[in-house]
């Protein structure tokens, strides 16, 4: 049997990534919608904690057969803390936040699962300062799925580590993915009945907020992506941390 080239095998998505994809694309949206339609959007703490619990399942697969090193979890916790601090530092500028940039860097550096965990945890923790509500699970999902996609696309070789590749992905993701998720959630938080008129109004009124968010994401990726990735590479090499 011919041995496959290393770069081909490296680009395959592992068991934990496929498990995370199943959770993120099916289980988590179903859980959020359960909170909307069956719990009247009143149990958002419960839904948020469920989402956070789901994100740890892929890590249980990662650590299967060995003990997790504290330093691996500490780095992810530090990235989450930086994202929370960054969101809080720019509280006076609506939507102009570095959160997505940091989440994307986390996904590229430590893998799709870490990207989702950093994004989801950042939304939950930072909302203790900005205010918890039925929007929290949606924000957790929005931030998290972009971090997951950044890690998965990078592993497949479709997303590069260059500034322009990351900036293009970040800007598009802020508008198309995060903006769409939050615009749909804004309608569902008012009425469980989705209709074209309400969705059109939500997308139209939210466009400039999404645009500012995209500009901020591109700006912070352009400034922070290279130095952060270089620092994280040195940390991974020095301490032998998780590879995506």
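The values are calculated or read from the model by the stated rules, or taken from the named source; none is laboratory data. All values reported here derive from a predicted model rather than from experimental measurement. All Cβ positions, glycine included, derive from the backbone under ideal geometry; neighbour counts span all protein chains shown.
Take residue 174 and tell me if it is under 21 Å from residue 20 (Cβ atoms), crowded, with 23+ Cβ neighbours inside 10 Å, out of contact with any strand residue (DSSP E or B) (no Cβ under 9 Å at 6 or more places or on another chain) and touching a residue at least 12 places away in the same chain (Cβ under 8 Å). No; evaluated as a whole, the condition is false for this residue.
For the range 18-58, filtered to residues that are touching a helix residue (DSSP H, G or I) at 6+ places or on another chain (Cβ under 7 Å) and farther than 19 Å from residue 147 by Cα, the residue that is modelled with the lowest pLDDT is 41. The number of residues in the range 21-52 that are in a loop (DSSP other than H, G, I, E, B) and surrounded by fewer than 17 Cβ atoms within 10 Å (Cβ to Cβ) comes to 5. Restricting attention to the range 190-205, does a residue exist that is more than 22 Å from residue 105 (Cα to Cα) and buried (at least 19 other Cβ atoms within 10 Å of the Cβ)? Yes; the residues of the range 190-205 include at least one that is more than 22 Å from residue 105 (Cα to Cα) and buried (at least 19 other Cβ atoms within 10 Å of the Cβ).
Looking only at residues of the range 211-234 that are crowded, with 17+ Cβ neighbours inside 10 Å and under 11 Å from residue 109 (Cα atoms), we find that the one that is modelled with the lowest pLDDT is 232. Given the criteria in a helix (DSSP H, G or I), farther than 24 Å from residue 54 by Cα, modelled with pLDDT of 90 or more and under 17 Å from the mean Cα position of the chain (by Cα), does residue 154 qualify? Taking the combined requirement at face value, the residue does not satisfy it.
Per the conditions (1) assigned to a loop (DSSP other than H, G, I, E, B); (2) without any contact (Cβ under 8 Å) to a residue 60 or more places away in the chain, the sole criterion not satisfied by residue 161 is (2).
Scan the range 101-132 residue by residue and report those that are out of contact with any helix residue (DSSP H, G or I) (no Cβ under 6 Å at 6 or more places or on another chain) and not in a helix (DSSP H, G or I).
Of the residues in the range 101-132, the ones out of contact with any helix residue (DSSP H, G or I) (no Cβ under 6 Å at 6 or more places or on another chain) are 110, 128, 130-132.
131, 132 - these are the residues of the range 101-132 that are out of contact with any helix residue (DSSP H, G or I) (no Cβ under 6 Å at 6 or more places or on another chain) and not in a helix (DSSP H, G or I).
Only a single criterion out of (1) within 20 Å of residue 232 (Cβ to Cβ); (2) buried (at least 20 other Cβ atoms within 10 Å of the Cβ); (3) at pLDDT 80 or above is not satisfied by residue 97, namely (1). In the range 179-198, the condition of being under 23 Å from residue 73 (Cα atoms) and in a helix (DSSP H, G or I) is met by no residue.
Would you point out which residue out of 126, 109 is more than 21 Å from residue 229 (Cα to Cα) and modelled with pLDDT under 95?
Residue meeting the stated conditions: 126.
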